[in-house]
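Since the structure comes first, as C-alpha cells, the remarks are kept for the end.
The values are calculated or read from the model by the stated rules, or taken from the named source; none is laboratory data. All of these numbers come straight from a predicted model, not from anything done at the bench. Ideal geometry is used to build each Cβ from the backbone, glycine not excepted, and the neighbour counts take in all protein chains shown. Side chains included, ligands, DNA and RNA excluded: accessible areas come from the protein's heavy atoms. Shrake-Rupley method; radii C 1.70, N 1.55, O 1.52, S 1.80 Å.
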Amino acid sequence: MLEFNITVKHPEGLHARPAAQLVKTAQQFKSEITVVKGRWKADAKSILEILTLGVNQGSEVCILADGEDAEQAVKALCELIETNFGDVLSKTNETGE
C-alpha cells in the first residue's frame, strides 16, 4: 500500500468541480484508493464520500492506494491536487490570505 500526504490549496477545497475531477481521475485506476482527512476516510471513486470529508483550502489529506497501479494512481492524484485541479490561482488564493 502506498500513501502520500498533501495539502489542498484550492480555494474550494475538495468541493464541487475539484471533487468531481479527483473522482474522475481515481476511477481510471484499478487500485483501491482512499482519501483520509483526520479520522475520516472516503473512497476516492465516490463523489458523495469525497464531499462528506469536508476538505477545505489548507486541509491536509492522505492519499492511500493499494493495487497493481497504486503508484500511478497516487502520482496522478497528487499531481492533480498540486496543480490546483488545473486552475490558475492568484498568490493570495494559494496561501489562503
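Of note:
- For Lys24: the one exception among (1) in contact with a strand residue (DSSP E or B) (Cβ under 8 Å, 6 or more places away or on another chain); (2) free of Cβ contacts under 8 Å to residues at least 12 places away in the same chain; (3) exposed (fewer than 14 other Cβ atoms within 10 Å of the Cβ): (1)
- Taken as a whole, the structure places Glu97 among residues that are open to solvent by 70 Å² or more (accessible area, probe 1.4 Å) and at pLDDT below 95.
- Here segment 63-73 is the region considered, the condition is being in contact with a Ser or Thr (Cβ under 7 Å, 6 or more places away or on another chain) and assigned to a strand (DSSP E or B), and the residue that is least open to solvent (accessible area, probe 1.4 Å) is Ala65.
- Applying the criterion of at least 3 residues that are under 17 Å from Glu82 (Cα atoms) and modelled with pLDDT of 95 or more to the strands (runs of 3 or more DSSP E) found wholly in segment 1-62 leaves 2-7, 32-37.
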